[in-house]
Amino acid sequence: MYFDNNATTALAPEVLAVMLEELQKGPSNASSIHSYGQSARGRLAAARHTVASYFGVAPKEVIFTSGATEALNHVIKGLGNGKRILSSELEHAAVLTPLHNRPLVTLLKGAVTLEKMADHLPHSDLLIFMAANNETGVKTDLAALADVAYQRGIPLIVDGVALIGKEPFTFHRGITALVFSAHKFHGPLGAGCLILNKNCPPFIEGGPQENRRRAGTENLPAICGLAKALTLDKKTEQIGQRRDYFEELLQELDIEVNGEGERLCNTSNLYFPGVEGEELMIHLDQVGLCCSHGSACSSGTLAISRVLLSLGYPRERAKSSLRFSFSRFTTPEEIERGADLIKETVKKLRR
Ligand code: PLP
């Protein structure tokens, strides 16, 4: 059972079919002048058009990248130099690492609210916030945030990785840049996108690809896969019902949900009192259930979730918490079997 879909997801069969078709098309350098190149250019333009119309933006604002990490580095380094940046401790490493050691960065602690931001806004030139947290699933009030950004004329960069492809997204005026990654919604690994409606120097320099905004021959099979994945039926409601059912089944363990506020449909970050999260995760893996104790970028280590700590949960609670994240492929049978395995394992470990 795979309950770690916020780390990555399985490729959807429809996406695989599109990618295989693309891989079989023959040489496909979209910058070549000959007929193969022209045909590739047409398919690239079609994928760009699909993404642009999905978000209601202009095709020239869509920049295909190797993933969200590249896209975030691109826009942070391109727009952030010398700027007073307001962001949050809850952001992913792909945001926090490029912000590290910059003198003019303020990171909000704990849950992100407009009230907390208010004092900092008069001294901020750039805002960087995630649409939803990848560990707790808690969503940011993007409509309100984008409105504030618009009213004050401060560019807003949105890390949409945890939300895009799982739930509908409105590209509010006030959003300057949106970043997402295809492998989080049944698209291929190594395919991301930056939607950017402002001038920004390229992060990867070289040829004139992507309207001179990102050099390098485009990875057409991955880009076509990304576009296909974006337009799949998201099944948001179905996933949400299954997630809620999962939490209901585990109630007898006295679990508590980590994260307050409206959550993404697929994410369940749970506190299991009296059990070490790491130990529980390893035992569950041995009986066939994959989950995680936080961001995949830190779960290779024994680190305690810095997100839960920043949210104000005690260390003991953070150490006793695990993240379960579901997808369109998660069946009710898996939810029931998974909940049974968790109940058995937790009871054994608590003895
Ligand atoms: N932002 C968030 C919220 C993420 O969860 C991730 C990956 O887990 C990233 C950015 C980076 O995405 P990628 O590793 O696909 O570049």
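Step by step: first the residues of the range 60-79, then only those that are within 16 Å of the ligand (Cβ to nearest atom) and small (G, A, S), then the one that is farthest from the chain's Cα centre (by Cα). Which residue is that?
Per the stated criteria, the residue is S66.
Taking the range 100-139 as the region of interest, how many residues are assigned to a helix (DSSP H, G or I) and in contact with a helix residue (DSSP H, G or I) (Cβ under 7 Å, 6 or more places away or on another chain)? Outline the logic, then answer.
First, pick out the residues of the range 100-139 that are assigned to a helix (DSSP H, G or I): 114-118, 121-123.
Then keep just the ones that are in contact with a helix residue (DSSP H, G or I) (Cβ under 7 Å, 6 or more places away or on another chain); that gives 114, 121.
Within the range 100-139, residues that are assigned to a helix (DSSP H, G or I) and in contact with a helix residue (DSSP H, G or I) (Cβ under 7 Å, 6 or more places away or on another chain) number 2.
Looking only at the range 43-61, which residues are crowded, with 18+ Cβ neighbours inside 10 Å and outside any helix (DSSP H, G or I)?
Correct list: empty.
Each row is one residue, and each column tells you yes or no for (1) in contact with a strand residue (DSSP E or B) (Cβ under 7 Å, 6 or more places away or on another chain); (2) at negative phi; (3) away from the ligand (no atom under 16 Å from the Cβ).
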| site | (1), (2), (3) |
| --- | --- |
| K83 | yes, yes, yes |
| S87 | yes, yes, no |
| A94 | no, yes, no |
| L99 | yes, yes, no |
| P103 | no, yes, yes |
| K109 | no, yes, yes |
| K116 | yes, yes, yes |
| D119 | no, yes, yes |
| P122 | no, yes, yes |
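Six or more apart or on different chains, Cβ atoms under 6 Å: show the pairs whose first residue is in the range 10-33 and surrounded by 12 or more Cβ atoms within 10 Å (Cβ to Cβ) and whose second is β-branched (V, I, T).
N29/T217
Which of the residues spanning the range 247-275 are assigned to a loop (DSSP other than H, G, I, E, B), farther than 18 Å from G294 by Cα and of a type in the set (D, E)?
D254, E262
Here is a yes/no grid of residues against (1) outside any helix (DSSP H, G or I); (2) among the polar types (S, T, N, Q); (3) surrounded by fewer than 24 Cβ atoms within 10 Å (Cβ to Cβ):
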residue	(1), (2), (3)
I63	yes, no, no
E70	no, no, yes
K83	yes, no, yes
S87	yes, yes, no
V95	no, no, no
P98	no, no, yes
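Being more than 16 Å from the ligand (Cβ to nearest atom), over 27 Å from V161 (Cβ atoms) and not in a loop (DSSP other than H, G, I, E, B) narrows it down to one of A40, A17, so name that one.
Working: A17 fails: over 27 Å from V161 (Cβ atoms).
After ruling out the rest, the residue left standing is A40.
Just to be sure before I move on: is K184 within 13 Å of the chain's Cα centre (by Cα) and surrounded by fewer than 22 Cβ atoms within 10 Å (Cβ to Cβ) in the structure I sent? Outline the logic, then answer.
Working: within 13 Å of the chain's Cα centre (by Cα): yes; surrounded by fewer than 22 Cβ atoms within 10 Å (Cβ to Cβ): no.
No.
Bear in mind these aren't lab numbers, they're just calculated from the coordinates by the rules spelled out. Because the structure is a prediction, the values reported are computed rather than measured. Virtual Cβ from ideal backbone geometry, glycine too; neighbours counted across all protein chains shown.
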